[in-house]
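Have a look at the structure below, then the notes.
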Amino acid sequence: MPPRARIKKTVSVVTSAATSTTPSAVQSRDASPPPRQPFRFFDLPSELRVRIYEEVLLVPNPPIDLDPQNHRTIHPRLSLFLVSLRLHEEAYRIFYAQPFLLYPFHGRFFHTKKPLLSRLPTRYREAITTLNWRIGPGWSAPPRSQNANESQGLRDCKSLRTLKLFVEIDPSDVIFSGFRGYGASEDTYQWFCVHLLRGICGQVPGLETVEIDGFPVVKRESPLVVALRGVVREFGLKVVWGPLRGWAKEGDGVGGEMGLERAMAGLGLVGKVGRVVDVAA
C-alpha cells in the first residue's frame, strides 16, 4: 500500500473512534435541565414579606423629592408594583411610609407649579406618614408652589403623623439687613412660614408631632424657631428637637449647642479651637 493511502486510512480510523466517544449535538440539545418550580412568595410569613419589601423599596437617602435622578433611584423600585395586584396592595404602603419632601428643593424643580405631594394619587397620599419641610431656600422670594392650598392634597394625608421642619436660615438675623428686598422687613419671611405652618396643621387630620431642627447658624431662641413653636403649641401638637442640631428638650437650660460642640467641650477643646481660628484669621 502506498504511504499516502496508509495515512488517510489511519486518519479515518481515529476520526471515527473520536466521533463514537463524543455525544452528538442533537443529544446534548435534547438533554435539557428539569423545569424550575415557581417560588411561592406569598407563602412566606407576612413579617418576612414586609422585610423583603423594605430591602427593595426603601431609598438610602430620604426624603423622596422631585429630582432628576429619580429615573435611576426611584423608578426601578416602583417596577415591583407591576408584578401583581396583591403585591402592589402590600408593597405600596411600605414605599410611601418613607419621608417625603413637602416642597421641592432641587433647583430644577424649585419653581415648579405642582410639588410632588400634589402629583400623587389620593390613595398614595393617604399612605404617607412623614413629611419634611426645608425652611429657608428662596426666603427672599418664595416660589408659588410653597402654599397650603387645597390643591396640595394635605387633607388626604390621613396617615401623616410627623412633620419635620429643618430651618436652614433665619432672615430676621441682622446679617441679612439690606438683602431682604424692597418692602420686606425682618419679620416678613417669619410670618410667611407661620401662615404656611398654620395651613398645614389645620388640614392634616392626624398630625401628632412636629420635629424642629436646623443648621448651626440657627439658634433655638431665634425669632423664626420661636414663632414656629408657637404655632405648634397653638394646635396642641408635640414638639421634638431633631438630631442634627442637638437642641435640648423644651425647658432644659440653654439650648443651641451642637452634638459636636458638646463633645469638643467635654474634651476641653472649645477654647483651643477658638484660639486657633483667631490666629489663622
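The values are calculated or read from the model by the stated rules, or taken from the named source; none is laboratory data. Nothing here was measured: the structure is a model prediction, and the numbers come from that model. Every residue, glycine as well, gets a Cβ built from its backbone with ideal geometry; the counts of neighbours run over all protein chains shown.
Evaluating Ile212 against the criteria (1) in contact (Cβ under 8 Å) with a residue 40 or more places away in the chain; (2) in a loop (DSSP other than H, G, I, E, B) leaves one unmet condition, (2). The set of residues in segment 142-199 that are over 14 Å from Pro223 (Cα atoms) and among the small types (Gly, Ala, Ser) comprises Ser145, Ala148, Ser151, Gly153, Ser159, Ser177, Gly178, Gly181, Gly183, Ala184, Gly199. Of all the listed residues (Val204, Val240, Val217), the sole one being surrounded by fewer than 19 Cβ atoms within 10 Å (Cβ to Cβ), within 27 Å of Ser159 (Cβ to Cβ) and either in contact (Cβ under 8 Å) with a residue 40 or more places away in the chain or in contact with an Asp or Glu (Cβ under 6 Å, 6 or more places away or on another chain) (or both) is Val240. Of the candidates Gly202, Gly183, the single residue that is among the small types (Gly, Ala, Ser) and part of a helix (DSSP H, G or I) is Gly202.
When the test is whether a residue is loosely packed, with under 14 Cβ neighbours inside 10 Å, part of a loop (DSSP other than H, G, I, E, B) and either out of contact with any helix residue (DSSP H, G or I) (no Cβ under 7 Å at 6 or more places or on another chain) or of a type in the set (Phe, Trp, Tyr) (or both), Arg108 passes it.
Of the residues screened, Arg134 is one that is at pLDDT 95 or above and either under 17 Å from the mean Cα position of the chain (by Cα) or crowded, with 16+ Cβ neighbours inside 10 Å (or both). When Phe81 is tested against (1) without any contact (Cβ under 8 Å) to a residue 24 or more places away in the chain; (2) surrounded by 13 or more Cβ atoms within 10 Å (Cβ to Cβ); (3) part of a loop (DSSP other than H, G, I, E, B), exactly one condition is not met: (3).
A count restricted to segment 154-192 and to residues that are of a type in the set (A, V, I, L, M, F, W, C) and in contact with a Gly (Cβ under 9 Å, 6 or more places away or on another chain) stands at 7. Residues in segment 201-221 that are under 22 Å from the mean Cα position of the chain (by Cα) and under 21 Å from Phe235 (Cβ atoms): Cys201, Val204, Gly206, Leu207, Glu208, Thr209, Val210, Glu211, Ile212, Asp213, Gly214.
Taking segment 180-200 only, how many residues are small (Gly, Ala, Ser) and under 26 Å from the mean Cα position of the chain (by Cα)? Adding up the residues that qualify gives 1. Taking (1) in the same structural domain as Arg180 (by TED's automatic domain parsing); (2) on the phi < 0 side of the Ramachandran plot in turn, Gly136 satisfies each apart from (2). So, Ser177, is that one hydroxyl-bearing (Ser, Thr, Tyr), farther than 20 Å from Trp247 by Cβ, in the same structural domain as Glu234 (by TED's automatic domain parsing) and within 24 Å of the chain's Cα centre (by Cα) or not? In short, no. Flag: Gly138 does not match the condition of being over 20 Å from Val218 (Cβ atoms) and either not in a helix (DSSP H, G or I) or not hydrophobic (A, V, I, L, M, F, W, C) (or both). Any residue at all in segment 205-223 that is β-branched (Val, Ile, Thr) and at pLDDT below 95? Looking for residues that are β-branched (Val, Ile, Thr) and at pLDDT below 95, one finds at least one in segment 205-223, hence yes.
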